[in-house]
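Encoded as structure tokens, the structure appears first; notes follow it.
The values are calculated or read from the model by the stated rules, or taken from the named source; none is laboratory data. All values derive from a computational prediction rather than experimental measurement. Virtual Cβ from ideal backbone geometry, glycine too; neighbours counted across all protein chains shown.
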Amino acid sequence: MTGTAKHPAVKQVKTQREDVYAFEIYGHVSRQEIDDIYQTLEKAYENHDKINLLVRMSRFDGVDWSAVFSEAVYIGKFHAIKHMRRYALVGGPKWAAVAMQFFNPLFRLEVRHFELEQEAEAWDWIYEHEDSETAAA
């Protein structure tokens, strides 16, 4: 057998509310996986004006940088800023936490970083604000 099996680095995590989305990142994130995340979020925006997002990075081994600077990602980030209420990053590299603190004042959404051992606190924070659509159901 030649080559090695490649496993997905991004997995969507089931949540307790329709307006809350979550992803687990474990490994090297490909361009296709980044596109898949933004496609999932675009579908979410069709159903909810505002959503909350939690991303858990238990082991981050890098990203396809050509995808990070693509037009699709810029559009995805613009839509995310418009449609997200809260964004929690759990774990990840130290530079990600620093970047979140630096850029937080520039966004209209609430952004927080949590260490891996604070994951329960992150979920509590993500679930604090309930979408009015969800509350009416």
Of the residues in the range 27-62, those that are closer than 19 Å to Gln16 by Cβ and not polar (S, T, N, Q) number 10
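Considering only the range 66-81, I want to know if a residue exists there that is at pLDDT 85 or above, touching a helix residue (DSSP H, G or I) at 6+ places or on another chain (Cβ under 7 Å) and not in a loop (DSSP other than H, G, I, E, B).
No, the conditions are met nowhere in the range 66-81.
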Would you mind telling me which numbered condition in (1) aliphatic (A, V, I, L, M); (2) modelled with pLDDT under 85; (3) assigned to a helix (DSSP H, G or I) Ala44 fails? (2)
Among Phe69, Phe60, Phe78, which is crowded, with 16+ Cβ neighbours inside 10 Å and either farther than 25 Å from Phe114 by Cα or not acidic (Asp, Glu) (or both)? Phe60
Of (1) surrounded by fewer than 16 Cβ atoms within 10 Å (Cβ to Cβ); (2) in contact with a helix residue (DSSP H, G or I) (Cβ under 6 Å, 6 or more places away or on another chain), Asn52 satisfies all except one. Which? (1)
Scanning for something of a type in the set (Val, Ile, Thr), at pLDDT 85 or above, within 22 Å of Val111 (Cβ to Cβ) and part of a loop (DSSP other than H, G, I, E, B), does the range 9-18 turn up at least one residue? yes
When the range 100-112 is examined, which residues are found to be modelled with pLDDT of 75 or more and either within 12 Å of Leu54 (Cβ to Cβ) or not in a loop (DSSP other than H, G, I, E, B) (or both)? Glu110, Val111, Arg112
